[in-house]
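Encoded as structure tokens, the structure appears first; notes follow it.
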Amino acid sequence: MKINAKDVASGVLLILIAATGLWLNGDHSLGSARRMGPGYMPMLVFWAQMALGTIVLALAFFNGPDPLEKWTGLDASMLIISVIVGTAVGLAAPYISSFFESSYGSLGIGMLAGFLVLAYAAGWRLLAFICAAMCAFCLLLEKGGLMLALAVTIGIACLAEPEHRSRPLGVLGITIFLLAMCWWIFIKQLDIRVAVWPLQY
Amino acid sequence: MLPRRAWLAGGAVFAALPAIACAQGKSWPAQPIRLIVPFAPGGTTDLAARLVSQGLGDRLGQPVVVENRPGAGATLGAAQVAQAAPDGLTLIVSNIASHGIAPSLYRDLRYDPLRDFTHIALLIETPSVFVANQRFPPGDLGEVVRLSQEQPRGLDIASSGSGSSNHLLIVQFGQMTGARVNHVPYRGAGPAMTDGIADVVPMMSDSLPSAAGHLQAGAVRGMAVATAARHPAFSAVPTFRDQGVDLVSSSWFGISGPAGLPPAVAERLNREISTVLAEPGTQRRFAELGGLVRPLSPATYAEFIAGEVARWAPIVQASGARAD
Amino acid sequence: MDILGNLAHGFSVALSFNNLLFALVGALIGTAIGVLPGIGPVATISLLLPITFGQPATTAIIMLAGIYYGAQYGGSTTAILLNLPGEISSVVTTLEGYKMARNGRAGAALATSALSSFFAGTVATIVVAGSGPLLTSVALSFGPADYFSLMLLGLIISAVLAQGSVIKSIGMVVFGVALGLVGTDVQTGQQRFTFGIPELSDGISFVALAMGMFGIAEIILNLEKPEARSVLKTEVGSLWLTREEFRRATPSTLRGTLVGTVLGILPGGGAALSSFGSYMMERKVSKNRHLFGSGAIEGVAGPEAANNAAAQTSFIPLLTLGIPANAVMALMVGALIIQGIQPGPRMVEAQPDLFWGLIASMWIGNVMLLIINLPMIGMWVKLLQVPYKFLYPAILVFCCIGAYSVNNNVFDVYSTVIFAVFGYMCNKLKLEPAPMLIGFVLGPMMEEHLRRAMLLSRGDVMVFIERPISASMLAIGAIALAAMLLPNLRKGKEAALSG
């Protein structure tokens, strides 16, 4: 077999994005060559991307083999489940609490839920915990203040590393150290405009 | 940031109540005041806000902290303040883009420039000006109009961007004189001025502060300034009215808060801002920025904004610019 | 002779105790914020602006300029150590610099970066002093058609950044251009691909894109490979350059300086092109081109020199025309206006202290940065010896705060998450992020110049061929494209025949 699975996937990805782009671009007028409309350049770009994706796909059948990493059944099913759970939580969030109505709160809680579900599958765990940690930061920052947001973020991020999972005291140490450092750098020195403690604004 | 009214209703926040109670009592301001500048740092608006915030903070006894919230033609910052609690601790630099033009430009604006704000004070106005490359033949606006009608596809005039007040002034000029104009938009006044000096585009519509240095240096020639009388610092540049075009236009910005601000707070802010504006230091710095200081009462400032919204609507319509 | 006299005057201004002190303060602050991901010079300068009101204009501008250069130096540090580029020029530095760090040559990479930047800064300062006004005419001779062809050339040669398949990386360049189109259309004001999200109307945040695809994706990939982290921990190697490395870096520095000096003069994109223009050149010209992609010192020396040279010469449009080339320059204009000085052609005569003092302080600033940074290399390399399990939470929270602070908006942090996932996916598919980022930066400029050129030529495409500058750019682009694709296609054909 000479099929390059990575290139097949790359080609398909480029083509799919280009096709979506061309479809979305239907909203924009093309204009004329003299006074180009908003849709002119995107049209050129997405057709070019489509062509390149096709070439990548065509060449992929000759320049392999380069297989993708193996997915377990759990990896695949958890990916689907996490997308469903994330979407459901995101859509339901505004009805549960007005907390999620502003600052993309419902997007954040949806993404957080999705990533946490995804973390159940070993293949996704690292990606999921790191991303979940960042989502938690966004959710908590404006209403919970920087310190709370950072503490939760560091907690979730540390779940990604097996050595931390068995040593909660070590994680506490890291958290306290980083909280102090971030306070000193960003609040004391740089004075960035953000709430520091819960319910400050 | 957050619709505070909404989450108050949700009952989530007893802790914030004392802050609001405080704000409405005599002791306002009990906490630092956030002044949202809906533009990126470094522009005229940002600089002016930072100048005023210092003096204002000294007078109020609480720091006034400038916070840049740029984006979407200044409407992001405005939408944020429109939703903030009217406790006098969140204010915005209201301006021609977010409060004058945006209501006509954006179909689904998330705020009403009048109903969602308590307007407090006007800071400065900066006149608009048409400048031309030194090699551009016409000597006055009449010749410009004639030249534009002779050219089959119109005369190129640059501006700092589509939907900006500089762009709309070109449209208005075309409407009033019958000049045939080919608008060439840029990303900001700097690149437009570069091409004006390089004679890529013969004419440009700009605001006086950003064109001032180039006018003084003779890099470009002032064709017409949109003030009622000639500008004292640029007495050689004729006004539009001098040349038979009744066009008076300037860019402006002031201070506003969310709707429902206690009148006492608005009055106090207006008084302190007027005092700060009257200080010689501020006067000098503002003059250097190219602006004219015009103190207005809260009510007159609101009327002024209402007039601006009404004025720009038909011009935006005619310009064909839209954002949705 | 006149220039020497003026420069001497400039040094007498810049070497006053107060000005030296503020140059040092600026360089220190700049280095510190440059190291923090996302916190750029624009935000810092605007925060410090009120402090400068009380200072004389020359002192103020010297300090702000110090912050600007300092941030450039600091940005390279995180790019080399942590694969975290803060701006487009450091994206290129990550390519070879981070690889060098992984090979245990972090000290050498940092030293190279500091030394070639210093050299380039020195040369560029002389150029600014000697021929600034003259070079202004170069900037003014570039019309929209020429800029379009320059950007197109930039995009074509950016495919050469690829470590793997050229076609795939051109695909990524094009996708980068597409991402760059998100936001408000400059010509009509219409929103494109924003899905009704107001934050997207100013386009996708570069910091979110770069941080997600490089920094955060890198954290996840590092955590996946415990063996890769142990390399990071153990082999640090000598801090200083070996004789061999020094010999290899020198010609690259010279070439990078030349590229950067020339491109920096062009407002609107010249500086962005400089570092990877130099990288492309090194990859084609250098004797060690086979080492590229695995940590070639030439790939650090050239781009770093080009970047710093361009940072200096980008002052030329500001000083001679009064037109800022980027956001930092716009802030400088603001600072000058507040001081009652109108930047413009008359500044050289009207404010000789300021003009020549600033030029002298450019060089002094570079010396200070060298003095600050060389001793710090040891400290930075120590940072890599911190076990990765302690390091990564710190990188993560710094990225979160950095992404938030750009616009004070959590939307940028969510974007970072999405691009981290995308960057992770690209890594698994061997799709390279660097060409995409360059497409993202150059694409919107290219569209703008294309449409403006067509608007001004009334729809006549001949304008791109009739103008000599534009025509020669297009010719170079065509040759470069052919040179890149031919071997690739031949290989593909051979594979097809033999397969």
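Between A:154, A:181, A:141, the Cα set farthest toward the positive side of the dipole of segment A:73-189 (charges on each charged residue's Cβ, about the Cα centre) is that of A:181.
Expressed as a whole percent, how much of the Cα-Cα distance distribution for the protein assembly as shown exceeds 39 Å? Of all Cα-Cα pairs in the protein assembly as shown, 44 percent lie more than 39 Å apart. Using the average count of surrounding beta-carbon atoms within 10 Å as a protection proxy, the listed peptides B:162-169, A:6-13, A:92-99 rank, highest first, as B:162-169, A:6-13, A:92-99. Once backbone amide H atoms are built at 1.01 Å from N, residue C:192 has C:183, C:184, C:185 as its partners under 5 Å, excluding neighbours fewer than 5 places away on the same chain. Sketch the reach of a paramagnetic label on residue A:35 as a point 7 Å from Cα along Cα-to-Cβ, and name the residues of segment B:174-191 whose backbone nitrogen lies under 13 Å away. Residues B:180-185 fall inside that zone. Amide H to amide H, with H built 1.01 Å from N, residue B:65 comes under 5 Å of B:33, B:34, B:35, counting only residues 5 or more places away or on other chains.
If you add up the charges near residue C:93, with Lys and Arg at +1 and Asp and Glu at -1, over every other residue whose beta carbon is less than 12 angstrom from its beta carbon, what do you get?
-2
Among the trypsin sites (Lys or Arg not before Pro) in segment A:65-155, those placed in a DSSP loop whose Cβ has at most 14 other Cβ atoms within 10 Å are A:70.
Where Lys and Arg each count +1 and Asp and Glu each count -1, what net charge lies around residue C:6 among other residues with Cβ under 14 Å from its Cβ?
-3
The mean of 1/r over all distinct Cα pairs in segment C:361-499, once inverted, gives the Kirkwood hydrodynamic radius of 21.2 Å. Translational D (Stokes-Einstein, µm²/s) of chain B at 37 °C and 0.692 mPa s when Rh comes from the Kirkwood sum over C-alpha pairs? For the chosen part, D equals 159 µm²/s.
Using θ = phi - 60° in the Karplus curve 6.51 cos²θ - 1.76 cosθ + 1.60, the 3J(HN,Hα) couplings for segment C:355-363 round to 4, 6, x, 5, 5, 4, 6, 4, 5 Hz; x is entered for Gly and Pro.
Scan segment B:255-293 for GluC sites (Glu not before Pro) in coil per DSSP, keeping those whose Cβ has at most 11 other Cβ atoms within 10 Å, and list them by number. In loop regions of segment B:255-293 (DSSP not H, G, I, E or B), there are no sparsely surrounded GluC sites (Glu not before Pro). Translational diffusion coefficient of segment B:127-243 (Stokes-Einstein, Kirkwood radius from Cα pairs, 20 °C, 1.002 mPa s): 155 µm²/s. Scaled against the 2.2 N^0.38 Å expected of a compact globular protein of N residues, the Cα radius of gyration of segment B:113-165 reads 1.78. Taking the Cα centre of the protein assembly as shown as reference, the dipole from Cβ charges on Lys and Arg (+1) and Asp and Glu (-1) amounts to some 1400 debye. For segment B:259-276, putting each phi into the Karplus relation 6.51 cos²θ - 1.76 cosθ + 1.60 with θ = phi - 60° gives couplings of 4, x, 5, x, x, 4, 5, 4, 4, 4, 4, 4, 5, 5, 5, 4, 4, 4 Hz, in residue order, rounded to whole numbers and with x for Gly and Pro. For residue C:311, the shell of other residues with beta-carbons less than 15 Å away shows a net charge of -2, using +1 for Lys and Arg and -1 for Asp and Glu. One way to sum up the overall shape of chain C is the equivalent ellipsoid from its Cα gyration tensor, whose semi-axes run 33, 29, 23 Å, largest first.
Taken residue by residue and averaged, Cβ atoms of other chains lying within 10 Å of the Cβ of B:187-193 number 6. For residue C:350 and residue A:97, a Förster radius of 56 Å and the Cβ-Cβ distance give a FRET efficiency of 0.40, rounded to the nearest 0.05.
Note on the protein assembly as shown: antiparallel DSSP beta bridges, both residues inside, total approximately 60 percent of the bridges counted. Mean partner shielding of peptide A:4-14, defined as the number of other chain Cβ atoms within 10 Å of each residue Cβ, is 5. What is the percent of Cα-Cα separations in segment B:36-167 that go past 25 Å? For segment B:36-167, the fraction of Cα-Cα distances above 25 Å is 40 percent. On full extension, the segment bounded by residue B:242 and residue B:271 gains 6.8 nm, given 0.36 nm per residue less the C-alpha separation.
Run the helix sum for the protein assembly as shown: -39,500 (n - 2.57) per DSSP H stretch of 4+ residues, divided by residue count, reported at 222 nm to the nearest 500 deg cm²/dmol. Please list the in-between numbers first.
Values: 42 runs with 644 residues, N = 1024.
Taking each H run of at least 4 residues, the total per residue is -20500 deg cm²/dmol.
Evaluating 6.51 cos²θ - 1.76 cosθ + 1.60 at θ = phi - 60° for every residue in segment C:308-317, the Karplus couplings come out as 6, 4, 5, 4, 6, 6, 5, 6, 4, x Hz, glycine and proline recorded as x. Quick one: if the Förster radius is 51 Å, what FRET efficiency do residue C:461 and residue B:65 give, using the C-beta to C-beta distance and rounding to 0.05? Between residue C:461 and residue B:65 the formula returns 0.50. Here the Gaussian network model covers chain B, with springs between Cα atoms less than 10 Å apart; of B:45, B:194, B:90, B:194 fluctuates the most.
Projecting the Cα atoms of C:321, C:167, C:70 onto the dipole axis of chain C, where Lys and Arg carry +1 and Asp and Glu carry -1 at the beta carbon, places C:167 farthest toward the positive end. DSSP beta bridges confined to chain B are antiparallel in about 60 percent of cases. Database remark: amide H of residue B:123 closer than 5 angstrom to the amide H of B:253, B:254, B:255 (H placed geometrically; neighbours at sequence offset of 5 or more, or on other chains; Pro and chain starts carry no H). Taken about its Cα centre, chain B carries a charge dipole of about 420 debye when Lys and Arg each add +1 at the Cβ and Asp and Glu each add -1 at the Cβ.
Computed over Cα pairs, the Kirkwood radius of segment A:73-189 leads via Stokes-Einstein (1.306 mPa s, 10 °C) to a diffusion coefficient of 106 µm² per second.
Cross-link pairs exceeding 29 Å in C-alpha to C-alpha distance, out of A:70/C:382; A:188/C:99; A:6/C:225; C:99/C:428; A:2/C:287, comprise A:70/C:382; A:188/C:99; A:2/C:287. Convex hull volume of the Cα atoms of segment A:1-147, normalised per residue: 171 Å³.
In a reduced charge model with +1 at each Lys and Arg Cβ and -1 at each Asp and Glu Cβ, segment A:73-189 shows a dipole moment near 200 debye about its Cα centre. Counts of other chain beta carbons within 10 angstrom of each beta carbon in peptide C:426-435 average 3. Give the distance, in whole Å, between the Cα centre of segment C:406-439 and the Cα centre of segment A:88-163. About 18 Å separates the Cα centre of segment C:406-439 from the one of segment A:88-163. Residue A:83 to residue C:225: FRET efficiency via 1/(1 + (r/R0)^6), r the Cβ-Cβ distance, R0 30 Å, to the nearest 0.05? After rounding, the FRET efficiency stands at 0.70.
Applying a DSSP loop filter and a limit of 14 other Cβ atoms within 10 Å to the trypsin sites (Lys or Arg not before Pro) in segment C:268-307 leaves C:287.
Here, each number is a calculation from the coordinates, and none is a lab measurement. Since we're looking at a predicted model, the values are computed, not measured. A quick note on method: Cβ atoms are made from the backbone with ideal geometry, for glycine too, and the neighbour counts reach across all protein chains shown.
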